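Student: I am attaching a structure below and will ask some questions about it afterwards.
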2 protein chains.
Amino acid sequence: MVLLSGGLDSYTTAAIAGQLGFSLYAMTVDYGQRHRREIEAAKGIATSLGVCQHKIVELDLRRLGGSALTSEIAVPKSSDEVIITAGRIPVTYVPARNTILLAVALAWAEVLEIFDIFIGVNAVDYSGYPDCRGEFITAFEKLANLATKAAVEKKGKFRIHTPLLHLSKAQIIREGVKIGLDYSLTHSCYDPDERGRACGRCDSCRLRLQGFAQANLKDPLKYMPHREINRKPKI
Amino acid sequence: MVLLSGGLDSYTTAAIAGQLGFSLYAMTVDYGQRHRREIEAAKGIATSLGVCQHKIVELDLRRLGGSALTSEIAVPKSSDEVIITAGRIPVTYVPARNTILLAVALAWAEVLEIFDIFIGVNAVDYSGYPDCRGEFITAFEKLANLATKAAVEKKGKFRIHTPLLHLSKAQIIREGVKIGLDYSLTHSCYDPDERGRACGRCDSCRLRLQGFAQANLKDPLKYMPHREINRKPKI
C-alpha cells in the first residue's frame, strides 16, 4: 500500500516499492488541497505504474483550516531564495496531515490484509514538517500494531516504509531517473495556474527545481512564464 | 475537544469534560456508519451541552469496507445472550476507526490550539476492540506530540483524556444520571428501524440495556416492539 499524492516523492516511493517486488495498492486522500491538479497526477501515476487498485478517499480538511494549502492563507513565494529553512515550520504545513493520511491508509491496508505501507516522507528538504521525521514514523508504526484487529490477531505486523527519508531531493530525482521514471507525470506546485502549470516560485517548486539542478537533470514539467515586473503598459 | 458520536459514552465523556471546567468543542466524524441516526443524536447532544462549536467532518469509510457498521456484513444479533465476549473482536469493529477519529480531532485541535482531547473509549465492555485499550491511547498521545507543529513549537502538550476507560457500562450510566444527563438524547443501536427506534438486540443495544439493568435504572430510549415469530397469518 502506497500513499500517492501525485508529487515527485510519492511517485518515486511507489516505484521503489514496485522494484522491491511488492504488488502496489495506491491510496490518495483528496483533502481539499488547493493544488487539486495533484489528484489528476496521482491517477496518471497509478496507471503508469500498473497498480492493482487506486483508491481516492475524500476528507475535506478545508473545513478545519489552519494551512496555506487548504485555506485562504497565502502560499509564500520568493524569487530569490528557497524559503524553507531548517527549524522553521512553513505555513504550508497541514495540521496532522500525515497522521490522517497514514490512519486512512492503515484502515484500507487492514481490510486488504496488507502490512507494508509506503509513504514518501523526507526529512532532509522538509525538515520543518514534524510529521516527516523518522521518530514520527516509528511512533505511528507502533500505534498501527496496537490499533488494529489484524495486528492484535497476529495476522501480520505493520511496517511503515520510508525509502526517501534520508535522501536529498537531488538524490531522489537521480534514483527515479535511473529506474526510468517519467517526472512529467508528477505535480508539485502548491499554486498552479488555471491551466495546471507550475508557478516555479513556491517552496515546493523551488525545492523541485533546485533538486533537478543539483542532479544535473532537466525538469520535464511545464512552468508558467514569469511576467516581467514594471513593464511599461501599452497605450 | 471531544469526539462526539451521538452515543451514551461520548455524551457522558463530554459532560465530564464540562464538569472539569473545560469549554467544549465537539467533533463528529460522519464515516458513513449504518446507524446514521447517531449524527442527529450528536447534534442534539452538542446543543444540550452548550458547546462552543460542533464540527461534523465527512470521511466515507464505506469505500474501504471491512466492517458490519459500514458495509453489507450483517450486524449480529442474539435474543438470549450478550454476544461480545472478552478476547474476541466483533465484526462491528471498524478498521482503524479510533486512529482516524483521533487524527482528525488532532488536526482541528491543533488549528484551535486546544491540547486536551476527550474520547469515550471504554476497555471494560468492549474489551474486544484493540483501539479502545489504554496502551493504544498512550501510543496515540505520544504520536500527537511528535506529529504536530503546535507540540514541536511547545505551544502545549497534547493529552488524550479517557475518563470512561475503566468503568463498566452500569458505572458510566450511574455517573451520567448523577450529573443530570438525559440519555434519551443518545443513540446506541447499530441497526435501527426507519423510524430511528433501537433494535434492542444488537451488541450495542444489549450492552446498553444490560448497563441500565445493572444500574437499576430505566433506559429512556424507545425500542422497536419485538415481532412475535410463527404467528398465524390473517386470512
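Student: I'm told A:Glu135 meets every condition in (1) closer than 19 Å to B:Arg97 by Cα; (2) surrounded by fewer than 21 Cβ atoms within 10 Å (Cβ to Cβ); (3) within 12 Å of chain B (Cβ to nearest Cβ) except one. Can you identify the failing condition by its number?
Tutor: Going through (1) closer than 19 Å to B:Arg97 by Cα; (2) surrounded by fewer than 21 Cβ atoms within 10 Å (Cβ to Cβ); (3) within 12 Å of chain B (Cβ to nearest Cβ) one by one, A:Glu135 breaks only (1).
Student: Looking at the structure I just gave you, is B:Gly156 in a loop (DSSP other than H, G, I, E, B), at the interface with another protein chain (Cβ under 10 Å from one of its Cβ atoms) and over 19 Å from B:Ala15 (Cβ atoms)?
Tutor: Spelling it out, it is not the case that B:Gly156 is in a loop (DSSP other than H, G, I, E, B), at the interface with another protein chain (Cβ under 10 Å from one of its Cβ atoms) and over 19 Å from B:Ala15 (Cβ atoms).
Student: Among the residues of the stretch A:160-177, is there at least one that is within 14 Å of another protein chain (Cβ to nearest Cβ), surrounded by fewer than 19 Cβ atoms within 10 Å (Cβ to Cβ) and of a type outside the set (Val, Ile, Thr)?
Tutor: There is no residue in the stretch A:160-177 that is within 14 Å of another protein chain (Cβ to nearest Cβ), surrounded by fewer than 19 Cβ atoms within 10 Å (Cβ to Cβ) and of a type outside the set (Val, Ile, Thr).
Student: With B:Lys218, B:Lys155, B:Lys149 as the choices, which residue is under 30 Å from A:Thr138 (Cβ atoms) and surrounded by fewer than 20 Cβ atoms within 10 Å (Cβ to Cβ)?
Tutor: Numbers: B:Lys218 fails: under 30 Å from A:Thr138 (Cβ atoms); B:Lys149 fails: surrounded by fewer than 20 Cβ atoms within 10 Å (Cβ to Cβ).
Answer to the selection: B:Lys155.
Student: What are the residues in the stretch A:138-151 that are closer than 14 Å to A:Ala107 by Cα and either of a type in the set (Ser, Thr, Tyr) or at the interface with chain B (Cβ under 7 Å from one of its Cβ atoms) (or both), if any?
Tutor: Just the residues of the stretch A:138-151 that are closer than 14 Å to A:Ala107 by Cα, to begin with: A:140-141, A:143-151.
Within the stretch A:138-151, A:Phe140, A:Leu143, A:Leu146, A:Ala147, A:Thr148, A:Lys149 qualify.
Student: Determine, yes or no, whether A:Ala123 is outside any helix (DSSP H, G or I), of a type in the set (Gly, Ala, Ser) and modelled with pLDDT under 95. So that I can check it myself, show each step before the final result.
Tutor: Working: outside any helix (DSSP H, G or I): yes; of a type in the set (Gly, Ala, Ser): yes; modelled with pLDDT under 95: yes.
In short, yes.
Student: Being more than 8 Å from chain A (Cβ to nearest Cβ), surrounded by 21 or more Cβ atoms within 10 Å (Cβ to Cβ) and outside any loop (DSSP other than H, G, I, E, B) is the filter here, so list the residues in the stretch B:103-120 that pass it.
Tutor: Residues satisfying the conditions are B:Ala105, B:Ala109, B:Ile117, B:Phe118.
The values are calculated or read from the model by the stated rules, or taken from the named source; none is laboratory data. Because the structure is predicted, anything quoted here is derived from the model rather than measured. Cβ atoms come from the backbone with ideal geometry, glycine included; neighbour counts cover every protein chain shown.
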